[in-house]
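The values are calculated or read from the model by the stated rules, or taken from the named source; none is laboratory data. Predicted model, so just to flag it, every value in this text is computed and none were measured. Using ideal geometry, Cβ is built from the backbone for each residue, glycine included, and neighbour counts are taken over all protein chains shown. Note: areas computed on protein heavy atoms with side chains; ligands, DNA, RNA excluded. Shrake-Rupley method; radii C 1.70, N 1.55, O 1.52, S 1.80 Å.
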Amino acid sequence: MRIRPRRLRNGETLRKMVRETRIDVSSLIYPLFVKEGKGVMEEIPTMPGQYRYSADTMGRKLEELLKAGVSAVMFFGIPDHKDEVGSGAYAEDGVIQKALARAKKDYPETYLITDVCMCEYTSHGHCGVLSGREVDNDETLKLLANTALSHAQAGADMVAPSDMMDGRVAAVRSLLDARGYCNTPIMSYAVKYASAFYGPFREAAGSAPAFGDRKSYQMDYHNSREGMKEALLDIEEGADIIMVKPATAYLDMVARIKERVHVPVAAYSVSGEYAMIKAGARLGYIDEEKIICETAACAFRAGCDVYLTYYAEEIAGYIREGKIG
Ligand code: PBG
């Protein structure tokens, strides 16, 4: 036999030499829940090992992450009060705005990204304002833009709209530009599917919709070309990074989009993915460490440049130990 694929699989040194996917800790983003209040550090029941922090306790986690080499976080806010128009999302003294100011001051090395959405702040749990029982797209745009601006003003390095309203990237871009934040990048949750994989997050953030579902704004998971349409539209509107979400069950979209676009592609391994691995491992059915490594490496193999994961710190450790990367 002249051609024997197994020759290059002989021994760890050779396997690593010819490895096609390299993973670097600088590609990781850790999602962090910040709750209103003081002294809060509550474990999230649906996401064991993950916590809700208040602005005064989140530093412990930011420090731990920095020590592990993870210097980018995505903030999610859990406010005390919710109302019809989600005013906590764009309040100057909102939970995220306060956390940003504090993190900027105490942890200037940490790169601060914010999730820009209404669902954690609205009393009805939808990602925008309602008109009857419908989410009013165009009215919501103004509030999203205000939210992004208030984040930038409070110290966000990057904003990430996740609401799936049409035209939100353009709305956010033009307000940021008009107010002097033309260099604040936008990572758009462009290819975001209506997914049951967000279940544990909604428990964590108390953001489940009070009625109906998100299918009138998030995408139908049967669709692939529509995801491309969303990605291309958001790039035209000024998105700097395009995200696919969830990750593991949607790696075909990561691969397809990577081929077509010329901006970095992010993949978000969401709460349900984390919860499934955690649960399987706790039951002793799977090897947590190996599954984490494989899941992450495969997302990069599919083509993502940036990976958002609740396992960021663990992955950083495995990279350091040479277990992946
Ligand atoms: C806000 C938002 C959600 C997630 C990220 N941003 C929830 C949702 O769309 O219902 C999910 C993240 C996760 O499940 O880890 N819209």
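Structure values in brief
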quantity	calculated
Cα centroid of region 200-253 to Cα centroid of region 119-170, whole Å	14 Å
Packing-based ranking, highest mean first, of 152-164, 199-211 given that Cβ atoms within 10 Å are counted	152-164, 199-211
Highest-MSF residue in the chain out of 254, 244, 18 [GNM, Cα springs under 10 Å]	18
Accessible area of region 83-207 divided out per residue, in Å², using a probe of 1.4 angstrom	36 Å²
Computed helical MRE - 222 nm, the chain, DSSP H runs ≥ 4 contributing -39500 (n - 2.57), nearest 500	-11500 deg cm²/dmol
Region 66-208 - share of DSSP beta bridges that are antiparallel (%, nearest 5)	15 percent
Quotient of C-alpha Rg and 2.2 N^0.38 Å, computed over region 199-274	1.19
Top of 21, 114, 140 by mean-square fluctuation, Gaussian network on the chain, Cα under 10 Å	21
Solvent-accessible area per residue for region 27-76 (1.4 angstrom probe, square angstrom)	36 Å²
Intensity falloff of the chain expressed as log10 I(q)/I(0), Debye formula with alpha-carbon point scatterers, at q = 0.07, 0.10 Å⁻¹	-0.27, -0.55
Region 255-325 - accessible surface per residue (Å², probe 1.4 Å)	45 Å²
Magnitude of the charge dipole, region 156-217, Cβ model with Lys/Arg +1 and Asp/Glu -1, debye to 20	80 debye
Portion, in percent, of the accessible area of the chain that falls on carbon or sulfur, probe 1.4 Å	50 percent
The chain: most fluctuating residue of 15, 168, 225 per GNM, C-alpha cutoff 10 Å	15
Cut-off 13 Å between beta-carbons: net charge of the residues surrounding residue 128, Lys and Arg +1, Asp and Glu -1	-4
Summed residue charge, Cβ within 11 Å of residue 159's Cβ, Lys/Arg positive, Asp/Glu negative	-1
Entries of 67/105; 38/98; 67/323; 61/258; 215/278 with Cα pairs more than 24 Å apart	61/258; 215/278
